[in-house]
Amino acid sequence: MGGVDLADMLVALYRTPFRSKRWYMAMFAQIIDICVDNAWILYRKHANPATKCMQLKDFCYEVYHSLISTNKRVTYKKTDESTTRRLCKTRPADSSRYDGVSHFPSVKEEGRCMNCNKKTTVYCLKY
């Protein structure tokens with residue numbers, strides 16, 4: 001069996017169950033699988049003959065488990081004070097919201113909707 005056939009067979013044996021609508025994420029998962037399979041081949045080549053080698057499934061589990069279980073925390077430095085979050089506008093009290101008076105649309109500059117965050121130019125007069 002040639003090198004390409006062996007590589008295809010090993011990747012097909014224990015493929016990472018990864019689904020994505022973005023094509024580059026599926027390609028990334030395929031590259032990770034190929035790298036793990038190549039690492040397993042090198043592990044078998046350089047392993048001590050007196051000890052029993054890990055199977056591919058166990059090797060994949062150990063590699064993925066060690067990648068997931070790293071306990072490094074990433075800390076980000078604040079670079080600018082202007083990146084602070086803006087305070088939301090206060091909504092009117094429930095008594096004035098549900099009284100049925102002055103709920104008319106008005107047109108202003110384009111801004112974000114309070115419910116869905118899409119851009120709009122129409123606002124309720126009570127807000």
Query raised in the report: Mind checking which pairs have a first residue in segment 20-33 that is closer than 18 Å to residue 62 by Cα and a second that is among the hydroxyl-bearing types (Ser, Thr, Tyr) and in a loop (DSSP other than H, G, I, E, B), Cβ under 7 Å, 6 or more apart or different chains?
Result: 29/16; 32/16; 33/16
Query raised in the report: Would it be correct to say that residue 33 is among the charged types (D, E, K, R), in contact with a Cys (Cβ under 9 Å, 6 or more places away or on another chain), in a helix (DSSP H, G or I) and modelled with pLDDT of 90 or more?
Result: yes
Report task. Please tell me if residue 39 is modelled with pLDDT under 90, assigned to a helix (DSSP H, G or I), aliphatic (A, V, I, L, M) and closer than 21 Å to residue 3 by Cα. Result -> no
Query raised in the report: Can we say residue 52 is under 30 Å from residue 8 (Cβ atoms), basic (Lys, Arg) and modelled with pLDDT of 70 or more?
Result: yes
Query raised in the report: If you take the residues in segment 55-86 that are hydroxyl-bearing (Ser, Thr, Tyr) and in a loop (DSSP other than H, G, I, E, B), which one is modelled with the highest pLDDT?
Result: 69
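The values are calculated or read from the model by the stated rules, or taken from the named source; none is laboratory data. Not measured: the values here are computed from a predicted model. Cβ coordinates were reconstructed from backbone atoms using ideal geometry, including for glycine residues, and neighbour counts include every protein chain displayed.
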